[in-house]
Amino acid sequence: MEKRVTFKGWKLPLLLILPQVFVSAVFFFYPAVQAIWQSMFIPDPFGLSTRFVGLGNFEYLFSNSHYRASFVTTAVFSLLVTLCSMVPALFLAVLADRLVKGAGTYRTLLIWPYAIAPAVAGVLWLFMFNTRIGIVSWYLGKLGYDWNHVLNGAEAMGLVVVASSWGRISYNFLFFFAALQAVPKSVIEAAAIDGARFWRRFFTIVLPLISPTTFFLLVVNVVYAFFETFGVIHTITGGGPQQSTTILVYKVFSDGFVGQDLGSSAAQSVILLVVVGALTVVQFKFLEKRVHY
Amino acid sequence: MALFSQDEPTGMVERRGAGLWLTHVLMICGVLVVFFPIWLAFVASTVTQADIVSPPLPLIPGGHFWDNYSRALFSGVNVPVGTMLVNSLIMAIGIAVGKIVISLLSAFAIVYFRFPGRNLFFWLIFLTLMLPVEVRIVPTYEVVASFGMLNSYSGLIFPLIASATATFLFRQFYLTVPDELAEAARVDGASPMRFFWDIILPMSRTNIAALFVILFIYGWNQYLWPLLVTTDPEMNTIVMGIKQMFPSGDDLADWPVIMATSILAMVPPIFVVVSMQKLFIRGLVDSEK
């Protein structure tokens, strides 16, 4: 889409666009190019010079079992976060949609967790499941279950998944609720007259009609799980135990800043860049389709 | 004929009686489950360390609210939480205002002018969409360090402004502004900047406010970037500072103060979201579209 009426001149628009171009160039394009460049070098053991290795860092990464494990961890983690945040959100949205009065009040209450930073959410859940003083782990202990996410990788994964999904329920709820409200009541009533019960109406009419929203949320939640959950993992597990919660973004951080392995970290950044790019393409393809709805 | 009337508030498929009560009960359970972690944090911020280390924690607040909160705000663990709150506020407002200002201007240039390189700039800016700072973290850190911007507000703010979400949003909005307005302005001999100040800016008010809410939360909740850039505790933001309050090693954390800090870290964004709920939901849905 283009404007029919425009203003003349080229100095003014260049001046107007300059701040954004400058900030993007210095803090986005230069670092992104740097990442690609660095990914082809390895520093010598004394950190005085670097040696060109071409795609060596990438080859090393993909042959490294820790890195491949991190890929699997990320896949499992983002799948679980997407599920655990979307299913309860859809359930609550369906309930709220059935209410004529009071839905607004519930919505106001349910958006609270969205405002809470992932890192703070991490601290709250860590407090509940703390092995020494946590209230939930204490009750689990009373029930005969010995909770210890510090040592048990599966429990650590479960905890970071729940803590990451929690705030996301609010976000997904808002989108599902808006989508459900937009489903024409006449269609639902026609089905009701034909004798379709609630769940049948839900699965054969409502769910297909809100599928654009569902698909959109799927992509957005995967992106969230990939990149924005760093705070949760850093506060709760620090990637452990035995790297069982080290997702890709966490590994970029721990290799680059803790391990000081800049070449490998840069190569990992480039791989993530490709992943984000692919997800963006998927999203835009979907957005284009959505316009025709 | 109630079935066909548009103003009938309850259609035939809404539940009444027992079904309605069940819906309310389930909804309340959902809200309670979602709220439980926040409530527990609040309770923990009002009791003593002794109450916390002998589980289970009671579910009603204790009497040490002022004690814990003043200890957090004025002394903290490494640095007073009051300082971290100020840092977070400056960072969040800086990111929100900075991003809105540069995006308003660049979107105006892209939509209302034809100039050489316009398409190139357009695509360059749009490449920055969706690539979060986490992905280019090491090189960005090096750039900021080489500018001597570590432990400074500009180091906290600028790298997080470099993304085009807001530009994209304003561009979409400008495209819906009727052409007649620009035409009238041109006929009347108004300069482009005059048109921007007197027409475009007032028309964008709601969009600006909605975007401000979203960007404020985004800035306030940043974690990884402040963690890297602020090594000086005096520059820590509250969201990243909480983790720094945990002792390394096996010592017991000062839970009442940590939980009071967590509550303090949530209050501003929750206040913004709840008080500007309509704008927030609008901004959220628009900026993700």
Most fluctuating of A:Met157, A:Met40, A:Met128 in the GNM of chain A (C-alpha, under 10 Å) is A:Met128
Residues A:Val160, A:Val223, A:Val87, sorted so that the one with the fewest Cβ neighbours within 10 Å comes first: A:Val87, A:Val223, A:Val160
Most exposed first by the Cβ proxy, i.e. fewest other Cβ within 10 Å, how do A:His234, A:His149, A:His66 rank? A:His66, A:His234, A:His149
Rounded to a whole number, what is D in µm²/s for the protein assembly as shown from Stokes-Einstein with the Kirkwood radius over alpha-carbon pairs (10 °C, 1.306 mPa s)? 61 µm²/s
Put a dot 7 Å past each Cα toward the Cβ at B:Asp251 and B:Phe271; how far apart are the dots in nm? 3.2 nm
A:Ala75-B:Val31 pseudo-label distance in nm [points 7 Å out on the Cα-to-Cβ vector]: 4.1 nm
Measuring from the longest principal axis of the C-alpha atoms of chain B, the long axis of helix B:18-44 (C-alpha) lies at a number of degrees, nearest 10, equal to 70 degrees
DSSP H segments from chain A that extend 15 Å or more along their own axis, Cα-based, with Kyte-Doolittle mean of -0.5 or above: A:11-24, A:65-98, A:118-129, A:153-182, A:211-227, A:262-291
Hey, got a sec? Which trypsin sites (Lys or Arg not before Pro) in the range B:68-149 land in a DSSP loop and have at most 15 other Cβ atoms within 10 Å? B:Arg114
In nm, to one decimal, how far is the B:Leu201 label point from the A:Thr108 one, both placed 7 Å along Cα→Cβ? 3.4 nm
Between the range B:215-242 and the range A:136-182, what is the separation of their alpha carbon centroids in Å? 24 Å
For the range A:1-69, compute the orientation-averaged projected area of the C-alpha convex hull (one quarter of its surface), in nm². 9.4 nm²
Got a sec? How would A:Glu189, B:Glu183 order by Cβ neighbour count within 10 Å, fewest to most? B:Glu183, A:Glu189
Going by the alpha-carbon gyration tensor, a ≥ b ≥ c the square roots of its eigenvalues, is the range A:64-171 rounded (a/c under 1.5) or, if a/c is not under 1.5, prolate (a/b greater than b/c) versus oblate? oblate
With a Förster radius of 45 Å, plug the Cβ-Cβ distance of B:Val177 and A:Ser49 into 1/(1 + (r/R0)^6) and report the FRET value to the nearest 0.05. 0.20
Relative to the compact-globule scaling 2.2 N^0.38 Å, provide the ratio for the alpha-carbon radius of gyration of chain B. 1.30
Kindly state, to the nearest 0.05, the FRET efficiency for A:Val150 paired with A:Phe62, given R0 = 45 Å and r defined as their beta-carbon distance. 0.90
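Determine the relative contact order of chain B: mean sequence separation of Cα pairs under 8 Å and six or more apart, normalised by residue count, in whole percent.
On the way: 272 pairs, mean separation 83.6, N = 289.
Reported as a whole number, the value is 29 percent.
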Let me know the shape class of chain A, please: from the alpha-carbon gyration tensor, a ≥ b ≥ c as square roots of the eigenvalues, rounded when a/c is under 1.5, otherwise prolate if a/b is greater than b/c, or oblate. oblate
Inter-part distance where the range B:60-127 and the range A:223-248 are each reduced to a Cα centre, Å: 24 Å
Suppose R0 equals 51 Å. What FRET efficiency, 1/(1 + (r/R0)^6) with r the Cβ-Cβ distance, do A:Thr131 and A:Gln181 give to the nearest 0.05? 0.70
Treating the angle as unsigned and between 0 and 90°, give the value, to the nearest 10°, between the Cα long axis of helix B:137-146 and the longest Cα principal axis of chain B. 80 degrees
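Read-outs: derived from the displayed coordinates by stated rules, not from any lab. Because the structure is predicted, anything quoted here is derived from the model rather than measured. Counting neighbours? That spans all protein chains shown, and the Cβs are built from the backbone with ideal geometry, glycine included.
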